[in-house]
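Structure first, commentary second.
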Amino acid sequence: MMFMSRHGGGRVLRAFALASAIALAAGGLALAVRAEAATAPAVQTAFASDRLSVEVSGAGPDVILIPGFASSREVWRAEASRLAATHRVHLVQLAGFAGEPWTHGDGPFVAPVVGELARYVRQAGLERPAVIGHSMGGLTGVLLAQGHPELVGKVMSVDSLPFFSAMFGAQATAESARPFAAQAAAGILAADEAGFRAQQAQTAIGMARDPATREAMVAWSMASDRRAMAAAIREVMTTDARPGLADMSTPVWAIYASDADGGAPAAMADALWAREYAALPGVRLVRVDGARHFIMADQPARFAELVDQFLADQAAGSGSKAGVTSPALSS
């Protein structure tokens, strides 16, 4: 859930955090995926939920892919198609985003999604699947593992922090973030269509390097229900998963972006991710250079390599010291 403005490298972390939080809330997150070789057709599951739907393809060990804020499941299409050759892929779509119906007004967003994902794992009979989530989806994966450790085999969190508002500074708390969360939600609801589109387009520049990806980001967020976006950003900015990190037994990889030309400087990203995940035993921190928030779009080959290593690693990071980036895996 990280965003760095073009001039962000010269700002202190606190100033960067405030600007990025509001910009991220106002802009949509989505992805123009790259076509991959055809695999077995995906099938919509019979799982009935007003919070999410799941599309399944492939055969093999189970992998759940969760998109982020205002994103379509298409954010994972290229990776899902690639993985379906060796895995059974469960491609999630969250209600309210990218044209999906939303029926919950200004009610809670993230916590009910976590509950429905747990119900899906049980109902589908999955055996401790790997969970890969981008941005808000990464936070969702961590919360799922914290609340239901018996259901999750391992988690990959992609450019996501356990407490989004930690970007406001090391002293930030859920309570201190509430006014900013309310401001972000109000901005989403109040903007007219033209202004909203313009703001999303500007935000997209900081989220991805690829022009086609930026176009998709705008289209998907414009198709999202703004009530869902407002509800989601309020909850994301005030949900702090850090108190539960120390007791987690589920292996976690945290992949994060660095881009010297308009993105997050490496030293700043390293310090922030190390600080925020420091309490998580065995966490594997991996920086991907030359990428912005949508790592899978900006560095698809490198990202695919990391996903393969994550899925193949039986220890899934248990050999790494918490809070330290593994030199062997850093790009």
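A few comments on the model shown:
- Selection within the stretch 60-119 - polar (S, T, N, Q), open to solvent by 40 Å² or more (accessible area, probe 1.4 Å) and touching a helix residue (DSSP H, G or I) at 6+ places or on another chain (Cβ under 9 Å): THR86
- Test: residue in the stretch 184-202 that is in contact (Cβ under 8 Å) with a residue 12 or more places away in the chain, out of contact with any helix residue (DSSP H, G or I) (no Cβ under 9 Å at 6 or more places or on another chain) and over 19 Å from SER72 (Cβ atoms): no
- Among the residues of the stretch 181-203, just one is of a type in the set (Gly, Ala, Ser), within 21 Å of GLU100 (Cα to Cα) and crowded, with 21+ Cβ neighbours inside 10 Å, namely ALA185.
- Residue check, ALA267 more than 29 Å from GLY96 (Cα to Cα), in a helix (DSSP H, G or I), open to solvent by 50 Å² or more (accessible area, probe 1.4 Å) and without any contact (Cβ under 8 Å) to a residue 40 or more places away in the chain: yes
- Some residue of the stretch 273-280 being open to solvent by 40 Å² or more (accessible area, probe 1.4 Å), outside any helix (DSSP H, G or I) and within 26 Å of SER249 (Cβ to Cβ): yes
- Selection within the stretch 108-131 - charged (D, E, K, R) and either within 17 Å of the chain's Cα centre (by Cα) or part of a helix (DSSP H, G or I) (or both): GLU116, ARG119, ARG122
- For SER157: the one exception among (1) modelled with pLDDT of 95 or more; (2) in contact with a helix residue (DSSP H, G or I) (Cβ under 6 Å, 6 or more places away or on another chain); (3) farther than 20 Å from ASP313 by Cβ; (4) of a type in the set (Gly, Ala, Ser): (3)
- Unique match (being at pLDDT 95 or above and within 19 Å of the chain's Cα centre (by Cα)) among ASP247, ASP240: ASP240
- Among the numbered conditions (1) of a type in the set (A, V, I, L, M, F, W, C); (2) out of contact with any Pro (no Cβ under 7 Å at 6 or more places or on another chain); (3) modelled with pLDDT of 80 or more, the only one that ILE64 does not meet is (2).
- Here SER157 passes the criteria (1) over 20 Å from ALA231 (Cα atoms); (2) surrounded by 24 or more Cβ atoms within 10 Å (Cβ to Cβ); (3) touching a Pro at 6+ places or on another chain (Cβ under 7 Å) except the one numbered (3).
- Matching residues in the stretch 53-107 - criterion: being in a helix (DSSP H, G or I) and within 18 Å of SER224 (Cβ to Cβ): ARG73, GLU74, VAL75, TRP76, ARG77
- Taking the stretch 214-228 as the range and being buried (at least 24 other Cβ atoms within 10 Å of the Cβ), touching a helix residue (DSSP H, G or I) at 6+ places or on another chain (Cβ under 7 Å) and under 13 Å from PHE109 (Cβ atoms) as the test, no residue passes.
The values are calculated or read from the model by the stated rules, or taken from the named source; none is laboratory data. Everything numeric in this text was worked out from a predicted model, so none of it was measured. Every residue, glycine as well, gets a Cβ built from its backbone with ideal geometry; the counts of neighbours run over all protein chains shown. Protein only, heavy atoms only, side chains kept; ligands, DNA and RNA dropped before computing areas. Shrake-Rupley method; radii C 1.70, N 1.55, O 1.52, S 1.80 Å.
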